[in-house]
Amino acid sequence: MGFLNRLKALGAQAGKEAQDTWSRFNNGPFADATMAACALIGAADGKIDQNERTRTAQFITGSDQLKTFNVADLRDKYERYCDRITADFDFGKIELMQVIGKVAGKPEQARAVVQLAVVIANADGEFSEDEMRVVREVAHALKLDPAEFGV
């Protein structure tokens, strides 16, 4: 199996694991961390493409995995985080990493955040090097080994 096929398989596996996990963490810090991770994945190349932003927002509102959350609130959080990172990439990224770090002491929630980041990164069928770098940074912020997620 080629490297890209392996990454796609890992993304599919992460999606299944995440689906089984996300519904157990219906709380504010987890919701904030997941939406911050989504925004960071969208900005992996240094900017957020409007098309990618729209697709991610559609995933959030249409996801069976996220049904237990108020998806309108999730989408609003995601949009706010995208706006922050768009307004000032460097400070926005620092702020979003701090939001993500709030679940670092909760290993199951931390893993679910990274799993969602992998799912979002794979959503377009391409897991770019920039997206892998962001997933690694998110994993490190959560005190997790990125290798656990194949990145």
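The values are calculated or read from the model by the stated rules, or taken from the named source; none is laboratory data. Note that this is a predicted model, so its numbers are computed, not measured. So basically every Cβ, Gly included, is an ideal-geometry build from the backbone, and we count neighbours across all protein chains shown.
Couple of notes before you dig in:
- Per-region count, the range 112-136, residues assigned to a helix (DSSP H, G or I) and either more than 14 Å from CYS38 (Cα to Cα) or aromatic (Phe, Trp, Tyr) (or both): 1
- Flag for GLU95 being surrounded by fewer than 21 Cβ atoms within 10 Å (Cβ to Cβ), over 14 Å from the mean Cα position of the chain (by Cα) and at pLDDT 95 or above: yes
- Of the residues making up the range 65-104, those that are touching a residue at least 12 places away in the same chain (Cβ under 8 Å) and not in a helix (DSSP H, G or I) are GLN65, LEU66, LYS67, THR68, PHE69, LYS102, VAL103, ALA104.
- Restricting the range 137-151 to residues that are among the charged types (D, E, K, R) and assigned to a helix (DSSP H, G or I), the residue that is surrounded by the most Cβ atoms within 10 Å (Cβ to Cβ): GLU137
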